[in-house]
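Scroll down for the structure; my scribbles are underneath it.
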Amino acid sequence: MPLIIPAIPNPTSGRAETPIAFINAILLGYRKYGIDSANVLALARISRAKLRNPKTRVTAAQMEIMSSVAMQELDDEALGWFSRKLPWGTYGMLCRASLTSPDLGLALKRWCRHHRLLTDDIALHFSVSKSIATFSITTNRDLGPMTEFCLVSSLRYVLGYACWAIDSNIHLQEATFPFAPPPHRDSYPLLFSGAVRFNAEHAGFSFHPQYLALPIKRDEQDLRQMLQRALPLTVLQYRRDRLLVQRVRQFFRTQLPASPTAEAVATALNMSPRTLYRQLGGENASLQQLKDEVRRDRAIALLARTRQPVKRLAQSVGFRNEKSFIRAFRLWTGQSPAAYRGAKQALD
């Protein structure tokens, strides 16, 4: 069977951010199976000299070629991590088994369940509470020098698939790893958003459970197209976050009566202000609009449920004076606060 090689004219162009340690981890699989790695290194344009320098970085395209060709030449999509091979096409079947799920929550449960059929060298776990969803991995045998790359790749596989399936970036609260910070620790934020913690009990990542209710947006045709070049999902972040608007609203709710700056919002969401503005624009939203919506909803709730004077209520929703609040409330509802409260009480 001829090799399927990603059609990348010049894999060395672009930013070199992938640590050479990950390339050397792939070569461990070649040594395990006694296969010459000269062909894959030539295709990826990586010299033997670069392999000996731990500070070397390669491009995402070089990493994609290395991984794709290695999985085929070794006929093992696990690249030698496990006690038995996962033949070429295995992860495609894993993706397909979860694709018919109605939402992300069930898709992740199926991913864990079906992965058990592939290997018991590692175990995948998925748990949900009211405030957090956690995907984690435990190792059932010593993976030796392949440990880091196996755990990082396994987490990126499922995270990349999940983002692709719902067509959205999933903002992580934290990613954890059960080993000391490696020399290339600075590459981890490129793979996992949110905080990164080493020397943890297990490898895993956590995120807000609201993502679990998002529906699967892909079908079989999308899957076939994605599998032609699936690996970029493991190294590239989705830019669009379908819950970004909800996350910004929630942040404003927790900050009332304060009025956070764009910099404060961006910092809380682990992104730059520029990225925040761009992504909100892609959702046809703005910070001012979302801030006003939160203020409006809180003001309406207070007018309906309390007897607070309008002046005090204005301060409760972040206005410095009563006049500016009344003016804003008229724009939001077409009524003054007093008129709105009176109409509400009459209905009750």
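Taken together, the values in this text are just the output of simple stated rules run on the coordinates, not laboratory data. Remember, it's a predicted structure, so these values are computed and weren't measured experimentally. Virtual Cβ from ideal backbone geometry, glycine too; neighbours counted across all protein chains shown.
Once you sort the root eigenvalues of the Cα gyration tensor of the range 1-74 as a ≥ b ≥ c, which label holds: rounded (a/c under 1.5), prolate (a/b larger than b/c) or oblate (the other case)? In terms of gyration-tensor shape, oblate.
In this rough spin-label picture, where each label sits 7 Å from Cα along the Cβ direction, the residue 308-residue 36 distance is 7.7 nm.
Straight-line cross-link reach from residue 85 at under 20 Å between alpha-carbon atoms covers these lysines, not counting any fewer than eight positions away in the same chain: 32.
Helical runs (DSSP H, four residues minimum) scored at -39500 (n - 2.57) apiece and divided by the length of the chain put the mean residue ellipticity at 222 nm at -15000 deg cm²/dmol. Measuring nothing but how far apart in sequence close Cα pairs (under 8 Å, 6+ apart) lie, relative to its length, the chain scores a relative contact order of 13 percent. Around the amide H of residue 174, modelled in the peptide plane, lie the amide H atoms of 195, 206, all under 5 Å away and 5 or more residues distant in sequence or on another chain. Shape class of the chain from the alpha-carbon gyration tensor: prolate, with a/c at 1.5 or above and a/b greater than b/c.
Taking a straight Cα-Cα cut-off under 20 Å and skipping sequence neighbours fewer than 8 places away in the same chain, the lysines within cross-link reach of residue 311 are 291, 323, 344. Looking at the square roots a ≥ b ≥ c of the eigenvalues of the Cα gyration tensor of the range 1-133, which shape do they give, rounded for a/c under 1.5, prolate if a/b is larger than b/c, or oblate? Prolate is the answer for the range 1-133, as a/c is 1.5 or above and a/b outweighs b/c.
Scanning the chain for DSSP H helices at least 20 Å long along the axis (C-alpha atoms) with a Kyte-Doolittle mean no lower than -0.5 picks out 20-33, 147-166. How many angstrom lie between the Cα centre of the range 160-220 and the Cα centre of the range 85-123? With the range 160-220 and the range 85-123 each reduced to a Cα centre, they are spaced 17 Å. Cβ crowding within 10 Å ranks 47, 67, 206 as 47, 206, 67, fewest other Cβ atoms first.
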